[in-house]
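Enquirer: Take a look at this one; I'll ask things after.
The values are calculated or read from the model by the stated rules, or taken from the named source; none is laboratory data. Nothing here was measured: the structure is a model prediction, and the numbers come from that model. A quick note on method: Cβ atoms are made from the backbone with ideal geometry, for glycine too, and the neighbour counts reach across all protein chains shown.
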Number of protein chains: 2
Amino acid sequence: MRDALVAAAFRLFLERGYEQTTVDDIVALAGVGRRSFFRYFPSKEDVVFPDHEGCLADMTGFLAASPPECEPVRRVCDAARLVLRMYAENPTFSVQRYRLTKQVPGLRAYELSVVWRYERALAEYLRGRYGGRPDGTLRADVIAAAVVAAHNNALRSWLRSDGADDAAATVDHALGYVQSTFGTTAAGPAPDGSPDPAATLFGRPVEHPDDVVVLVSRRDAPLWRVVQEIETAFGRA
Amino acid sequence: MRDALVAAAFRLFLERGYEQTTVDDIVALAGVGRRSFFRYFPSKEDVVFPDHEGCLADMTGFLAASPPECEPVRRVCDAARLVLRMYAENPTFSVQRYRLTKQVPGLRAYELSVVWRYERALAEYLRGRYGGRPDGTLRADVIAAAVVAAHNNALRSWLRSDGADDAAATVDHALGYVQSTFGTTAAGPAPDGSPDPAATLFGRPVEHPDDVVVLVSRRDAPLWRVVQEIETAFGRA
């Protein structure tokens with residue numbers, strides 16, 4: 001019945017417009033009573049985004065079940081992928097809703113409040129992980145916002161392609177940018193959990209590792225050892 | 001008259017609650033007619049945030065007037081400081097509004113839509129600056145979101161201190177994190193516009209420059225020159 005209500009609502013929204021459609025119109029087309037509608041959806045706006053509550057619950061559960069050894073930035077990127085997956089499961093519906101949301105300011109406001117709840121879920125998890133560090137909450141809030149912005153950039157790009165692009169590849173690319181900016185490794189932890197020293201520097205990836213040699217050393221290291229390391233790094237020893 | 005309406009509205013919101021106060025109550029206390037209210041404020045929500053439209057216009061103007069040589073991340077951080085300044089100009093009012101907004105879901109939704117407009121203004125400017133680059137819009141969206149999140153983290157921290165903390169220092173610290181993550185220099189460009197090589201690495205600051213020596217070199221550089229540079233860097237030449 002829930003699916004029938006969503007289908008009826010979208011048929012009417014597309015035919016008449018969102019504002020011109022009442023809950024009475026929707027229940028009449030679906031052949032159910034008003035009480036049935038409000039059992040599933042608190043308001044007309046909620047029927048436009050029928051899967052966000054479930055997705056938020058999935059995301060919260062996914063984050064709560066995180067193994068303690070997992071890299072936090074990678075984890076929140078994976079959590080964001082749950083949202084894209086929800087959109088990508090039904091491209092036609094997602095693209096229709098995207099067009100509708102752009103036209104109706106009230107839906108845009110509703111969407112912002114949903115996005116904010118996803119962002120808070122990610123930030124809460126990161127705050128827990130960064131709890132003991134200096135600037136832990138700042139770092140958590142900024143990374144959560146960056147993940148959401150990257151996800152939404154990819155999502156909008158996919159929606160503008162009318163769902164024709166590869167959604168997973170688009171979001172992987174966008175989240176890769178965030179992971180490489182904030183994560184402790186670019187490609188994820190090595191099997192033993194240690195970052196790959198050839199690909200990262202201060203926890204950030206070296207963009208053209210083949211062209212550039214980077215040496216990081218303590219100032220009090222013996223010079224002969226530094227030179228030896230450079231020779232090895234340059235492949236000339 | 002605009003200020004009188006804001007003062008009357010806040011007196012009533014604090015005495016009776018936001019939902020229990022009508023526009024008629026506000027105009028009666030301010031001693032003006034309903035038409036005067038709606039000349040200044042489209043809705044009751046707008047009287048709660050009387051300065052955002054002006055601040056958004058200031059921000060847009062500030063970004064539009066950016067010299068082409070200025071560092072984009074630094075510029076959007078400075079633009080965000082305009083918002084904090086607006087809050088810090090009137091701590092009592094800002095703290096009262098913060099408490100009110102936390103209690104009223106409708107005001108929270110309004111605030112989210114305002115925050116989103118600030119974020120779009122920053123992102124539009126950055127999209128213009130990064131237009132030709134690969135991933136220009138992705139980078140612009142992520143940095144704009146990071147700046148807004150850092151600003152809001154600092155703003156909330158200041159509001160929770162009841163306006164007692166140093167607002168400018170708090171936001172400088174938070175925006176410094178974003179600048180050091182994304183900007184091309186940590187402390188801003190040198191007078192000639194070039195980044196300071198001692199303080200940055202791949203555009204990111206070295207956190208403990210006194211303890212660590214970092215050398216970045218092309219792989220095809222002559223080895224003697226590399227060694228010479230290391231000796232200089234280690235202060236042993």
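Enquirer: When residues of region B:115-138 are filtered for being at the interface with chain A (Cβ under 10 Å from one of its Cβ atoms) and in contact (Cβ under 8 Å) with a residue 24 or more places away in the chain, how many remain? Break it down into steps so the answer makes sense when it comes.
Expert: Step one: of region B:115-138, the residues at the interface with chain A (Cβ under 10 Å from one of its Cβ atoms) are B:115-116, B:119, B:123, B:135, B:137-138.
Those left that are additionally in contact (Cβ under 8 Å) with a residue 24 or more places away in the chain: B:115, B:119.
The qualifying residues number 2.
Enquirer: Can B:GLN96 be described as in contact (Cβ under 8 Å) with a residue 12 or more places away in the chain and within 21 Å of B:THR170 (Cα to Cα)?
Expert: Working: in contact (Cβ under 8 Å) with a residue 12 or more places away in the chain: yes; within 21 Å of B:THR170 (Cα to Cα): yes.
Taking the combined requirement at face value, the residue satisfies it.
Enquirer: Within region A:131-166, can you find the residues that are at pLDDT 95 or above and in contact with a Lys or Arg (Cβ under 9 Å, 6 or more places away or on another chain)?
Expert: Result: A:GLY136, A:THR137, A:ARG139, A:ALA140, A:ASP141, A:ALA144, A:HIS151, A:LEU159.
Enquirer: Confirm whether A:VAL171 is assigned to a helix (DSSP H, G or I), modelled with pLDDT of 60 or more and more than 9 Å from chain B (Cβ to nearest Cβ). Please lay out each step first, then the result.
Expert: Numbers: assigned to a helix (DSSP H, G or I): yes; modelled with pLDDT of 60 or more: yes; more than 9 Å from chain B (Cβ to nearest Cβ): yes.
In short, yes.
Enquirer: Quick check: is even one residue across region B:101-123 more than 26 Å from A:LEU107 (Cβ to Cβ), at pLDDT 95 or above and part of a helix (DSSP H, G or I)?
Expert: First, pick out the residues of region B:101-123 that are more than 26 Å from A:LEU107 (Cβ to Cβ): none.
Taking every residue of region B:101-123 in turn, none turns out to be more than 26 Å from A:LEU107 (Cβ to Cβ), at pLDDT 95 or above and part of a helix (DSSP H, G or I).
Enquirer: Moving on. Collect the residues in region B:1-25 that are exposed (fewer than 14 other Cβ atoms within 10 Å of the Cβ), more than 18 Å from B:VAL104 (Cα to Cα) and more than 32 Å from the chain's Cα centre (by Cα), keeping them in residue-number order.
Expert: Once the filter is applied, which keeps residues that are exposed (fewer than 14 other Cβ atoms within 10 Å of the Cβ), more than 18 Å from B:VAL104 (Cα to Cα) and more than 32 Å from the chain's Cα centre (by Cα), region B:1-25 yields only B:ASP24.
Enquirer: If you go through region B:50-66, how many residues are surrounded by fewer than 18 Cβ atoms within 10 Å (Cβ to Cβ) and at pLDDT below 95?
Expert: Selection size over region B:50-66: 3.
Enquirer: A:ASP141 - would you say it is more than 21 Å from A:ALA65 (Cβ to Cβ), in the same structural domain as A:PRO67 (by TED's automatic domain parsing) and surrounded by fewer than 17 Cβ atoms within 10 Å (Cβ to Cβ)?
Expert: Numbers: more than 21 Å from A:ALA65 (Cβ to Cβ): yes; in the same structural domain as A:PRO67 (by TED's automatic domain parsing): yes; surrounded by fewer than 17 Cβ atoms within 10 Å (Cβ to Cβ): no.
Considered against the rule, which asks whether it is more than 21 Å from A:ALA65 (Cβ to Cβ), in the same structural domain as A:PRO67 (by TED's automatic domain parsing) and surrounded by fewer than 17 Cβ atoms within 10 Å (Cβ to Cβ), A:ASP141 comes out as no.
Enquirer: I want to confirm something. Restricting to region A:26-49 and keeping residues that are in a loop (DSSP other than H, G, I, E, B) and not aliphatic (A, V, I, L, M), which single residue is surrounded by the most Cβ atoms within 10 Å (Cβ to Cβ)?
Expert: To start, the set of residues in region A:26-49 that are in a loop (DSSP other than H, G, I, E, B) comprises A:31-33, A:41-43, A:49.
Then keep just the ones that are not aliphatic (A, V, I, L, M); that gives A:31, A:33, A:41-43, A:49.
Values: A:GLY31: 10, A:GLY33: 11, A:PHE41: 21, A:PRO42: 11, A:SER43: 12, A:PHE49: 17.
Only one residue tops the list, namely A:PHE41.
Enquirer: Right, here's the next one. Quick one: would you say A:ARG219 is modelled with pLDDT of 95 or more, of a type in the set (D, E, K, R) and out of contact with any helix residue (DSSP H, G or I) (no Cβ under 6 Å at 6 or more places or on another chain)?
Expert: Values: modelled with pLDDT of 95 or more: no; of a type in the set (D, E, K, R): yes; out of contact with any helix residue (DSSP H, G or I) (no Cβ under 6 Å at 6 or more places or on another chain): yes.
The answer is no for A:ARG219.
Enquirer: Do the conditions hold for A:LEU107, that is, is it within 14 Å of chain B (Cβ to nearest Cβ) and either over 22 Å from A:ARG160 (Cα atoms) or touching a residue at least 12 places away in the same chain (Cβ under 8 Å) (or both)? Even if it seems obvious, please write down each step before you answer.
Expert: Details: within 14 Å of chain B (Cβ to nearest Cβ): yes; either over 22 Å from A:ARG160 (Cα atoms) or touching a residue at least 12 places away in the same chain (Cβ under 8 Å) (or both): yes.
Yes; evaluated as a whole, the condition is true for this residue.
Enquirer: Just to check your reading of the model, which residue among B:ARG81, B:ARG75 is crowded, with 17+ Cβ neighbours inside 10 Å, more than 14 Å from chain A (Cβ to nearest Cβ), over 27 Å from A:LEU126 (Cα atoms) and touching a residue at least 12 places away in the same chain (Cβ under 8 Å)?
Expert: Details: B:ARG81 fails: over 27 Å from A:LEU126 (Cα atoms).
Of B:ARG81, B:ARG75, the one residue that is crowded, with 17+ Cβ neighbours inside 10 Å, more than 14 Å from chain A (Cβ to nearest Cβ), over 27 Å from A:LEU126 (Cα atoms) and touching a residue at least 12 places away in the same chain (Cβ under 8 Å) is B:ARG75.
Enquirer: Right, next: Taking the condition of being outside any helix (DSSP H, G or I) and touching a residue at least 24 places away in the same chain (Cβ under 8 Å), how many residues in region A:50-69 meet it? Explain how you work it out, then say what you get.
Expert: Step one: of region A:50-69, the residues outside any helix (DSSP H, G or I) are A:50-51, A:65-69.
Among the residues that remain, those that are also touching a residue at least 24 places away in the same chain (Cβ under 8 Å) are: A:50-51, A:66, A:69.
The qualifying residues number 4.
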